[in-house]
Amino acid sequence: MSTLFAALKTERGRHVARGVFLAGFSATFLFCGYEFIRSPAESIFMAHFSAADKPYALSVVPFFMAALIYLYGRSLSAFGGSRTMVGSMLASAAGLAGLYFAVGVFGKPAAFLLYIFKESYIVIISEQYWSFINSVLRDEEGKVFNGPVAGLGALGSLIGGFLLSRYVAGFGTEAFILFSAVMFFPAAVLIRGAYQQAGEPQPSREESGGRLGHVHLNILKRNRTVLFIALVIFSTQVVATMLDMRFSLLVQDAMPDKDLRTAYLGSFWMWVNTFSFSMQFILAPLLLRWVPTRMIQAGIPALHIVACALLLIAPSLGLAAGAFLLFKGMDYSIFRASKETLYIPFSYDTRYRAKQVADAFTYRFSKGFTSIVLSMIKAAGGMPAGAYAGAALVFAVAWLGLSFPMTAKREQAAA
């Protein structure tokens with residue numbers, strides 16, 4: 001099964017394709033909706049606070065995430081993956097609708113909560129897509145399907161970014177909070193169809209009903225691959241946070257008007273998603289087919305080392321946008337498609353429970369931890385602007401080193 005077209009010629013390939021592509025089209029709506037909320041939430045936050053206050057908000061996110069992941073684990077134990085995912089979407093839609101009205105009434109506190117909610121819900125739901133896909137696909141099938149399926153999510157982001165940048169001036173920033181909530185409904189219908197098509201993945205008898213723990217943290221002690229995935233994710237998000245902070249400060253200085261800033265950010269994310277979309281459908285299938293996972297996972301931080309070094313040497317909005325675009329574009333495409341294949345051989349609890357901790361929680365915990373450190377530095381007198389790129393460079397080097405033990409088991413299996 002070397003190509004997508006070859007896979008579709010087999011009965012199993014067609015059966016699998018129907019399930020995972022329904023999930024992919026569901027992700028199109030989810031990520032379109034996320035683009036509707038990402039830049040507006042940022043812009044609304046900046047209207048009430050400054051970009052330098054973002055670390056305070058990000059430092060709260062891990063606590064909010066921990067509560068949500070625990071609730072997710074309890075729901076998974078009681079209702080299974082399909083109903084838990086649909087329930088997560090409907091609850092998020094209700095949350096965004098409530099925040100739309102709260103922003104107009106309560107102002108500053110609601111803007112703060114909107115930012116925290118925006119940072120939290122998307123990673124928990126997006127990891128549920130991959131839990132499903134990693135449970136349906138075999139290892140070689142993941143190399144064929146992961147790129148195009150993830151590309152459908154990038155397509156949604158691309159559409160959402162385009163619509164936001166084009167119509168935000170007419171509808172206003174706040175209206176897109178409601179538009180984001182609406183996108184959950186087609187996403188929920190499609191993911192339900194994906195589960196019905198492919199079947200509900202089942203835990204082993206000893207894992208059923210959350211018997212080994214609703215979150216099953218012990219897996220991180222026993223499975224070195226998952227542990228190193230968590231450490232890699234931590235390093236990647238320190239890089240992301242530092243690049244994000246440098247970019248946000250430069251954007252705020254250059255564009256004080258809220259709607260102009262929202263339009264610029266919407267356009268920026270559209271370019272990120274164009275790059276990611278191109279990677280998913282063109283480069284990702286080729287790289288996953290011909291290049292070893294270790295080489296892919298080591299090559300990505302090597303590129304970021306170069307980008308961070310350039311930003312450190314010659315800081316500007318253009319270079320900051322370019323470095324951040326490169327990170328996000330690679331993160332949403334080949335990094336994700338390649339990393340997810342590492343989960344396929346593992347147990348149900350690893351794919352559905354430990355994954356939420358290793359990927360979703362660590363993803364935001366890293367940003368929150370980094371933000372707490374930045375808040376302390378700010379309270380002590382502030383951080384030189386150039387230090388953001390320097391810190392990103394250091395953690396990109398750490399990421400490169402961690403990529404080797406993370407892929408050790410895959411290399412041993414391939415030998």
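Within 10 Å of each candidate Cβ there may be at most 15 other Cβ atoms; applying that plus a DSSP loop requirement, which trypsin sites (Lys or Arg not before Pro) in region 1-105 survive? Please report the intermediate quantities before stating the final value.
Details: sites: Lys9, Arg12, Arg14, Arg18, Arg38, Arg74, Arg83; in loops: Lys9.
Hits after loop and neighbour filter: Lys9.
Here the sum of -39500 (n - 2.57) over DSSP H runs of 4 or more residues, divided by the residues of the chain, equals -27000 deg cm²/dmol at 222 nm, to the nearest 500. Couplings 3J(HN,Hα) for region 343-360, derived from phi with the Karplus relation 6.51 cos²θ - 1.76 cosθ + 1.60 (θ = phi - 60°), are 7, 4, x, 8, 6, 4, 5, 5, 6, 9, 10, 4, 4, 4, 7, 5, 9, 5 Hz, where x marks Gly and Pro.
Between Leu317 and Ser204, what is 0.36 nm times their sequence separation minus the Cα-Cα distance? Round to one decimal in nm. Before the final figure, lay out each step's value.
Values: separation 113, 0.36 × 113 = 40.68 nm, distance 5.14 nm.
Gain in length upon complete extension: 35.5 nm.
Region 46-62 and region 303-349 have their alpha-carbon centroids 23 Å apart.
Within 10 Å of each residue's Cβ, count the other Cβ atoms and sort His48, His15, His304, His216 from fewest upward.
Ascending Cβ contact count within 10 Å gives the list His15, His48, His216, His304.
Between His15 and Arg289, how high is the FRET efficiency from 1/(1 + (r/R0)^6) when r is the Cβ-Cβ distance and R₀ = 22 Å? Nearest 0.05. Mind dumping the intermediate values first?
Working: r = 21 Å, r/R0 = 0.98.
The computed FRET efficiency comes out at 0.55.
Given Lys221/Lys355; Lys118/Lys328; Lys118/Lys409; Lys54/Lys355, which pairs have Cα atoms separated by over 24 Å? Show your work: numbers first, answer last.
On the way: Lys221/Lys355 13 Å; Lys118/Lys328 17 Å; Lys118/Lys409 35 Å; Lys54/Lys355 27 Å.
Beyond 24 Å: Lys118/Lys409; Lys54/Lys355.
Subtracting the Cα-Cα distance from 0.36 nm times the residue separation, let me have the gained length for Gln252 to Lys409 in nm, one decimal.
Values: separation 157, 0.36 × 157 = 56.52 nm, distance 4.45 nm.
That works out to 52.1 nm of additional length.
Note on His48 and Ala302: the model spin-label points, each 7 Å out from Cα along the C-beta direction, lie 4.6 nm apart. Over the chain, Cα pairs under 8 Å with separation of 6+ residues give a relative contact order of 31 percent. For semi-axes √(5λ) of the Cα gyration tensor in Å, the value computed from the atomic coordinates appears in the list [x] 56, 26, 18; [y] 32, 25, 21; [z] 81, 19, 15 under label [y].
Could you tell me how far the Cα centroid of region 205-275 sits from the Cα centroid of region 369-415, in Å? Here the two parts' Cα centres lie 13 Å apart. Here, region 17-143 has an Rg and a Dmax of 16.4, 52 Å when only alpha carbons are counted. Going by neighbour counts of Cβ atoms within 10 Å, the residues Ser120, Ser50, Ser371 line up, fewest first, as Ser50, Ser371, Ser120.
Among Thr274, Thr84, Thr262, sorting on how many other beta-carbon atoms sit within 10 Å of each Cβ, with the fewest leading, yields Thr274, Thr84, Thr262. To the nearest ten degrees, helix 184-198 and the longest principal axis of the Cα atoms of the chain are 20 degrees apart.
When you filter the trypsin sites (Lys or Arg not before Pro) in region 106-171 for DSSP loop state and at most 16 other Cβ atoms inside 10 Å of their Cβ, you are left with Arg138.
Coordinate-derived values only; no laboratory data. This is a predicted model, so every value here is computed, not measured. Methodologically, a virtual Cβ is constructed for each residue, glycine included, from the backbone with ideal geometry; neighbour enumeration extends over all protein chains shown.
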